[in-house]
Amino acid sequence: MLQFMLDTDTASYIINSRYPSTSRKFAQNFDQVCISCTTEAELRFGALRRKNRRLIEKVDAFCQAIPCLAWNSIAAQKYAELRTCLEGQGKLIGAMDMMIAAAALAEDLTLVTNNIAHFSRVPKLKLENWVE
């Protein structure tokens, strides 16, 4: 059963073996981890922009290894609510990050991120940081 959604930075840390603690947590929770289609898009864009064949292959293997949750009507509703709330407070975060947060909210998943300060603006979003 899925429990965690990785944000783009966390997925990148795992792909590039940047933090041993993050890779370890990922391995321990592998069957409970997913990404949003927004994260997949950002990962694939980043790899293609760098024109690094090895990175493109690593991103492709990562994206094939774990579930990628499609954007759906519930996520769209959560996004609309979230953006309205954050705009009203004058505390907007990036559009892609709002889409990732909305996807996690729609599925009632914990978002794994190293950017707790940023994502903590999102009401009711459960957060974990796997970077120690």
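Quick note: the coordinates plus some simple rules give every number you see, no bench work behind them. On a predicted model such as this, the values are computed, not experimentally measured, just so you know. When we count neighbours, we look across all protein chains shown, and the Cβ atoms used for this are built from the backbone with ideal geometry, even at glycine.
So the values come out like this:
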{"quantity": "Among residues of region 100-115, those that are farther than 20 Å from Gln28 by Cβ and in contact with a strand residue (DSSP E or B) (Cβ under 7 Å, 6 or more places away or on another chain), counted", "calculated": "4"}
{"quantity": "Trp130 vs. criteria of a type outside the set (A, V, I, L, M), in contact (Cβ under 8 Å) with a residue 12 or more places away in the chain, buried (at least 21 other Cβ atoms within 10 Å of the Cβ) and assigned to a loop (DSSP other than H, G, I, E, B)", "calculated": "yes"}
{"quantity": "Restricting region 51-79 to residues that are assigned to a helix (DSSP H, G or I) and of a type in the set (S, T, N, Q), the residue that is farthest from Ala102 (Cα to Cα)", "calculated": "Gln64"}
{"quantity": "Candidates Ile56, Ile116, Ile35, Ile66, filtered to the one that is of a type outside the set (S, T, N, Q), under 15 Å from the mean Cα position of the chain (by Cα) and farther than 19 Å from Met1 by Cβ", "calculated": "Ile116"}
